[in-house]
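Visitor: To start, I am sharing the structure in question, which I have written as structure tokens.
The values are calculated or read from the model by the stated rules, or taken from the named source; none is laboratory data. These numbers were taken from a predicted model, which means no experiment stands behind them. Cβ coordinates were reconstructed from backbone atoms using ideal geometry, including for glycine residues, and neighbour counts include every protein chain displayed.
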Amino acid sequence: MRSFKIIIVFVFQLLGVGNIVAQDLEKVIDLKGYWKFSIGDQYHWKEPSFDDTNWDKIQVPGAWENQGFYGYDGFAWYRHTFFLDESYRNFPLYLELGMVDDVDEVFFNGQKIGGKGSLPPKFSTAYNVQRKYRIPNELLKASGRNTIAVRVYDDWSAGGILQGDIGIFANTNAMALDVNLEGAWKFKLGDVNPSTIATLDTRSWREIVVPSAWEDQGYKNYDGYACYAKTFKLSNELNGKDVVLLLGKIDDFDQVYINGKLIAQHGQWREDVKEGTTYYNELRGYYLPKGVLNHNGTNSLVVRVNDIGGTGGIYYGEIGLISQKKYREHWHRKRDKSFSIEISF
């Protein structure tokens with residue numbers, strides 16, 4: 001019996017956290033059906049207050065070429081509104097858009113929450129990439145009308161939101177993050193001098209969505225060094241508590257700096273590293289030393305990444321800060337769940 005239990009736990013571990021999370025996603029809003037649609041490109045179309053009364057209606061998912069816009073290549077916009085049940089407000093929510101041909105930028109109540117591919121003049125398609133974007137809780141109008149706007153660029157052939165299970169999904173078994181750091185980060189290719197990180201000027205850096213591979217966001221086939229940067233303030237919930245920084249999964253090696261101080265790294269960090277043991281499939285949970293975080297102002301977070309092949313960057317998982325107590329409790333529940341699987345057999 002003991003050996004049988006070990007096998008079951010091992011199988012459970014092989015399934016991976018990603019599969020557990022996928023099973024925990026519950027569809028709370030079905031967004032398949034008719035959306036408002038217009039060809040052209042006006043950036044103010046992202047605003048919730050924009051009047052789209054006279055726009056066409058188009059079926060989502062489905063290529064726009066098959067719905068009256070045959071042969072059209074270029075920019076177009078989709079808009080949709082929905083109301084969210086109050087009971088889901090405190091769960092992590094995700095917008096799933098399936099596959100979009102070729103490039104998309106997604107806005108929720110007027111704020112950009114994600115995008116895949118790269119728009120002209122540096123066009124890079126992401127037609128075969130699944131779109132899943134975290135909806136920041138602070139953007140939600142839980143008791144009111146929420147507006148999604150999707151800007152799409154199609155280079156040729158089929159265009160638009162083509163296929164997939166389109167909707168809003170809730171992760172009902174996620175970690176209860178105290179500070180959520182998913183979404184737009186500053187990003188640049190190449191490395192930075194560690195001695196300058198405390199005073200790093202990122203105003204000229206581009207934005208990138210975290211978590212998501214950089215290959216899916218306009219940096220196709222790039223291997224090598226890149227840097228991420230994010231500023232944040234702490235929630236009152238973390239005052240006086242020990243804290244864990246969650247950075248999901250990173251491909252391949254990373255060094256993490258908070259307020260200019262190196263606090264952790266994963267894997268080798270040398271200029272000549274081209275191959276060897278990588279850590280792309282390991283979740284990063286970094287216990288932060290006391291005194292690193294500023295509880296009375298803004299904190300800066302910089303992540304240096306070295307990708308030696310394939311997918312690169314902070315590509316998957318929950319990103320943010322959580323108290324050590326809540327972090328341990330979460331993984332104890334996961335462990336107990338694995339035990340219940342043993343017993344069910």
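Visitor: Considering only residues of the stretch 257-285 that are of a type in the set (A, V, I, L, M) and closer than 19 Å to Asp178 by Cα, which is modelled with the highest pLDDT? Walk me through it before giving the result.
Guide: Within the stretch 257-285, the subset of a type in the set (A, V, I, L, M) is 258, 262-264, 273, 283.
Next cut, closer than 19 Å to Asp178 by Cα only: 258, 283.
Values: Ile258: 97, Leu283: 91.
By that ranking, first place goes to Ile258.
Visitor: Could you grab me the full set of residues in the stretch 298-324 that are assigned to a strand (DSSP E or B), β-branched (Val, Ile, Thr) and touching a helix residue (DSSP H, G or I) at 6+ places or on another chain (Cβ under 7 Å)?
Guide: Val302
Visitor: Please return the ranges of strands (runs of 3 or more DSSP E) entirely within the stretch 111-202 where 3 or more residues are within 17 Å of the chain's Cα centre (by Cα) and more than 23 Å from Ile39 (Cβ to Cβ).
Guide: Because the criterion is at least 3 residues that are within 17 Å of the chain's Cα centre (by Cα) and more than 23 Å from Ile39 (Cβ to Cβ), the strands (runs of 3 or more DSSP E) in the stretch 111-202 that meet it are 130-135, 167-171, 183-189.
Visitor: List, please: which pairs have Cβ atoms under 9 Å, are six or more places apart or on different chains, and start with a residue in the stretch 59-79 that is within 17 Å of Gln42 (Cα to Cα) and end with one that is surrounded by fewer than 14 Cβ atoms within 10 Å (Cβ to Cβ) and small (Gly, Ala, Ser)?
Guide: These pairs meet every condition: Asp73/Ser157; Gly74/Gly40; Phe75/Gly40; Ala76/Gly40; Trp77/Gly40.
Visitor: Select from the stretch 35-80 the residues that are part of a loop (DSSP other than H, G, I, E, B) and of a type in the set (A, V, I, L, M) and list them in ascending order.
Guide: The answer is Ala63, and nothing else.
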